[in-house]
Amino acid sequence: MHTFLMTLAIVSSVLIILVVMLQESKSGGLSGLTGGAEELFGKQKVRGAELVLQRITVFLGIVFFVSLLCLTWFNI
């Protein structure tokens with residue numbers, strides 16, 4: 001069980017990195033922190049491939065988080 005959860009955590013972390021790198025930038029990076037708050041909180045509808053990548057990222061994040069929680073639980 002430990003090996004399965006560890007493999008799941010590693011695979012999901014690598015996939016999260018790849019999916020995040022495939023997504024387009026929505027702001028100017030760190031420059032968005034100093035100004036442009038209206039862009040940060042503005043309503044932007046995501047469609048098409050961006051929506052799919054966003055949902056995959058959320059799903060992989062949940063899988064990663066749950067696998068690490070289970071790893072911690074079984075190691076106690």
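Taken together, the values in this text are just the output of simple stated rules run on the coordinates, not laboratory data. Note that the structure is predicted; figures quoted are calculated from it, not measured. Every residue, glycine as well, gets a Cβ built from its backbone with ideal geometry; the counts of neighbours run over all protein chains shown.
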Original post:
For Ser25 and Cys70 in one chain, what is 0.36 nm times their gap in residues minus the Cα-Cα distance, to one decimal in nm?
Top reply: 12.9 nm
Subject >> Modelled label reach - Met6, point 7 Å along Cα→Cβ, segment 58-76 residues with backbone N closer than 13 Å >> reply: 71-72, 75
